[in-house]
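Peer 1: Have a look at the structure that comes next, please.
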Amino acid sequence: MKKFFESFINVWKIEELKNRIVLTLMLLLVYRFGAHVTLPGIDALQLDKLAGQTDNGIGSILDMFTGGAFSKASVFALGIMPYISASIVVQLMGIAIPYLQKLQKDGESGRKKLNQITRWLTIAITLVQGPGYIYNLYRTLPSSAFLLGFDSFSFLFSSVLILTTGTIFAMWLGEKITDKGIGNGISLLIMVGILARLPQALFQEFTSKVTNNNGGPMLLVIEVIVWLLVIIACVLLVMAVRKIPVQYARRTTSGDFEQDMMGGNRQWIPLKLNSAGVMPIIFAQAIMFIPAAVAGLSKSETSQSIAGTFSDMFGLWYNVVFASLIVIFTFFYTAITVPTNKMADDLKRSGGFIPGVKPGVETADFLDKIMSLITFPGSLFLALIAVFPAIIVSLSVQQSWAMFYGGTSLIIMVGVAIDTIQQVNSYLLNKHYDGLMKSGKNRKAVA
């Protein structure tokens, strides 16, 4: 614990790191402030019905990702999700479109062009989602809540414009945090929005268990302990790697000739247990929106039954389908993001080899086999964490509190926290080595 506090103090001794952290906190504060600014033309005192819409089901997921902005009819009501959707679309299109494949291989210039394409696609998605959100307001709120008139064109036009601007501004904040701050800006915006709901959810659970005598404080303590154990499990999932030993040919000069000393330099190829991260859950969640939306267009009894089944995110069949999609998408996303053929070629080009495996095609096949073997348990573990909130709800836990026991929210929080801590730790190691490890000594350059 003493070492932790010493490291924390050392963070503020590094001027560049301190400035980055302060800038990040200020930009996150701006984002949270915007989440409480209601769209012009809406009476903020009449948003109770909209808030009730997000108490359970899919609406609670949207409200969680936007930090409550969705239920507040905020200028950031759509949050950063259109940008996430655009990024996913561009990444998937890169598999099939040669032009995007070329940009992915063009280095920094290609990355900038891809970012520009993603931004324009974000605007297009927001212009589609904006009217849908306004229509939801018309359907949910009383007509007296619209100060500019119910179903007026002026309100629709101005609101869609403001929602689009809000998403673009949130996207700019995320990119600015990534460039000038600490951590991944887009991920931090999502994490802050999720954490903003944590105190309220915990208070509601406290009220239910203690104040209303629905189990007492001991049950609440047990729930918190289980929550911490789930967080530890998520950390293990994010950090777990399978190390593949690699050896390189080392050349040493002896007299007038060079002799190859095989196996002199040993390294590792770290293959992550969950290489796909949170993306399979996001893909599966997006697919799960479709059946309810399509079935809702019909008034038949069967369609209404389907819509009800896929709108209840804590229901049995919803979670069975959800978990199956996560397993499928985990294999799919791992296959397109972990290029085992390229890894084998790079290894062969650098003079490296896996002991007992021939370089080239056999190495690629070996890596692909290992990835398949470790991806299967990883996908099952990821699916279990994704559906764990439904299991917790069945044990009489409040839905708002159960959302923090797994799913996209917990994986995002754990992943972003680990990534940010690793960046801070890199600054400490590079610029304040003695502060992090008291027994360490600065190495002197050898002539």
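Peer 1: Angle between the Cα long axis of helix 316-337 and the longest principal axis of the chain, 0 to 90 degrees, nearest 10?
Peer 2: Here the helix axis deviates by roughly 40 degrees.
Peer 1: Under 14 Å between C-alpha atoms is the cut-off here; go through the stretch 14-196 and count lysine pairs that meet it, provided they're at least eight residues apart or on different chains.
Peer 2: Total qualifying Lys-Lys pairs in the stretch 14-196 comes to 5.
Peer 1: Among 161-167, 13-19, 84-90, what's the highest-first ranking by average C-beta atoms within 10 angstrom per residue?
Peer 2: The most tightly packed comes first, giving 161-167, 84-90, 13-19.
Peer 1: While we're on this one: What is the spin-label model distance, in nm, from LEU384 to ASN213 if the labels are put 7 Å beyond Cα along the C-beta direction?
Peer 2: It is 3.8 nm.
Peer 1: Follow-up question, since we're still on this one. Relative to the longest principal axis of the C-alpha atoms of the chain, give the angle of the C-alpha long axis of helix 279-295, reported between 0 and 90° and rounded to the nearest 10°.
Peer 2: 30
Peer 1: Could you sort 203-216, 185-198, 410-423 so that the peptide with the highest average Cβ count within 10 Å comes first and the rest follow in order?
Peer 2: Values: 203-216: 14.1, 185-198: 21.6, 410-423: 18.4.
Per-residue Cβ counts within 10 Å, averaged per peptide and sorted highest first, yield 185-198, 410-423, 203-216.
Peer 1: Please work out the C-alpha center-to-center distance from the stretch 82-159 to the stretch 359-373 and express it in whole Å.
Peer 2: Spelled out, the Cα-based centre of one part sits 39 Å from the other.
Peer 1: Which value, in debye to the nearest 20, describes the size of the charge dipole of the chain about its Cα centre when Lys and Arg Cβ atoms bear +1, Asp and Glu Cβ atoms bear -1, and nothing else is charged?
Peer 2: Working: 36 positive and 26 negative charges, 278 e Å.
The dipole of the chain has a size of about 1340 debye.
Peer 1: Translational D (Stokes-Einstein, µm²/s) of the stretch 198-405 at 20 °C and 1.002 mPa s when Rh comes from the Kirkwood sum over C-alpha pairs?
Peer 2: Roughly 103 µm²/s, to the nearest whole number.
Peer 1: Still on this structure, I have one more. Toward the positive end of the charge dipole of the stretch 198-405, about the Cα centre and with charges on Cβ (Lys, Arg +1; Asp, Glu -1), which of VAL278, PHE353, VAL327 goes farthest?
Peer 2: The residue sitting most towards the positive pole is PHE353.
Peer 1: Could I ask something else about it? Please grab the % of Cα pairs in the stretch 14-196 that end up more than 28 Å from each other.
Peer 2: 31
Peer 1: Under 5 Å between amide H atoms, partner at least 5 residues away or on a different chain: which partners does ILE269 have, H built in plane at 1.01 Å?
Peer 2: Placed amide hydrogens put ILE244, VAL246 under 5 Å from ILE269.
Taken together, the values in this text are just the output of simple stated rules run on the coordinates, not laboratory data. Not measured: the values here are computed from a predicted model. Virtual Cβ from ideal backbone geometry, glycine too; neighbours counted across all protein chains shown.
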